[in-house]
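Notes to accompany the following structure.
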Ligand SMILES: O=C[C@H](O)COP(=O)(O)O
């Protein structure tokens with residue numbers, strides 16, 4: 001079973017729409033300089049306000065870079081001030097939508113249940129949810145990180161069929177490793193990613209577990225990516241800070257040739 005690796009750059013609340021155009025063009029140039037073959041999917045996840053500019057850049061320059069959004073509304077349309085619907089994101093050509101990032105769980109009180117519902121809305125609109133999960137330091141110190149993350153994923157998968165789950169992307173991001181420079185060891189990442197795959201096998205079957213892609217996120221950079229990607233159950237990275245520099249993110253995407 002071969003799963004296509006993905007490197008997704010979550011820009012978080014960085015880059016205005018003009019900077020976004022420069023970053024996407026810079027990334028495309030860096031990838032082309034490296035003769036990158038796109039055997040790894042390259043995805044950028046900019047703020048909502050950049051998406052139209054990213055779309056026109058990708059379409060206008062015929063780039064193979066994919067893009068997506070950082071969040072989505074549960075609702076289709078109507079009186080939901082400040083929200084952005086899945087239909088709107090689909091219209092902008094988004095392939096992916098991140099749901100349940102730890103920053104949204106923390107600052108916007110998003111529950112496992114809400115994250116699951118958002119994932120459903122994304123899938124129902126023909127895009128792929130990148131479902132985030134991960135434990136805070138306290139839980140890791142107590143040694144409960146595997147059961148905590150497995151519980152988050154189980155809740156998020158409620159209501160998904162086998163065929164849908166095969167297409168999903170799960171991102172394991174230990175909260176203590178996000179933006180801290182403290183990367184989980186490859187063994188830490190593998191322990192949890194493997195447990196997620198085993199959960200999927202138990203809930204569905206081995207075929208589904210072999211198909212679903214599981215990413216690691218948390219201080220990924222061009223120095224540590226190769227070792228992380230050597231783990232059998234790590235299929236890619238959800239990259240924050242290091243995705244804001246074209247040359248660094250291009251190296252991460254091209255990890256096979258570092
Ligand atoms: O979504 C990305 C993660 O939160 C990781 O961020 P980071 O690479 O800056 O640690």
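Read the figures in this text as sums done on the coordinates, not as results from a lab. All values reported here derive from a predicted model rather than from experimental measurement. A quick note on method: Cβ atoms are made from the backbone with ideal geometry, for glycine too, and the neighbour counts reach across all protein chains shown.
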Which log10 I(q)/I(0) values, to two decimals, does the stretch 44-87 give at q = 0.18 Å⁻¹ under the Debye formula with one point per Cα? -0.59
As a test of the formula, what do you get for the chain when each DSSP H run with n ≥ 4 contributes -39,500 (n - 2.57) and the sum is divided by the residue count, at 222 nm and rounded to the nearest 500 deg cm²/dmol? -12500 deg cm²/dmol
Relative contact order, percent, of the stretch 12-257 when contacts are C-alpha pairs under 8 Å separated by at least 6 residues? 16
Distance histogram for the chain (every C-alpha pair counted, 10 angstrom bins, percent rounded to whole numbers): 7, 33, 38, 19, 2, 0
Alpha carbon centre of the stretch 168-203 versus the stretch 216-258: separation in Å? 14
Additional length obtainable on full extension of the chain from residue 141 to residue 49, 0.36 nm per residue less Cα span: 29.3 nm
Between 241, 78, 218, find the one with the highest GNM mean-square fluctuation for the chain; connect C-alpha pairs within less than 10 Å. 78
Treat the count of other C-beta atoms within 10 Å as a stand-in for reagent exposure and order 108, 17, 101, 145 from fewest to most. 108, 17, 145, 101
So what does log10 I(q)/I(0) come out to for the stretch 134-211 at q = 0.24, 0.26, 0.27 Å⁻¹, using the Debye formula with one equal point on every Cα and no solvent? -1.12, -1.24, -1.30
State, to one decimal in nm, how far the label point of residue 257 lies from the label point of residue 22, with both points 7 Å from Cα in the Cβ direction. 2.6
Could you order the peptides 153-164, 173-184 from most to least packed, using the average number of other C-beta atoms within 10 Å per residue? 173-184, 153-164
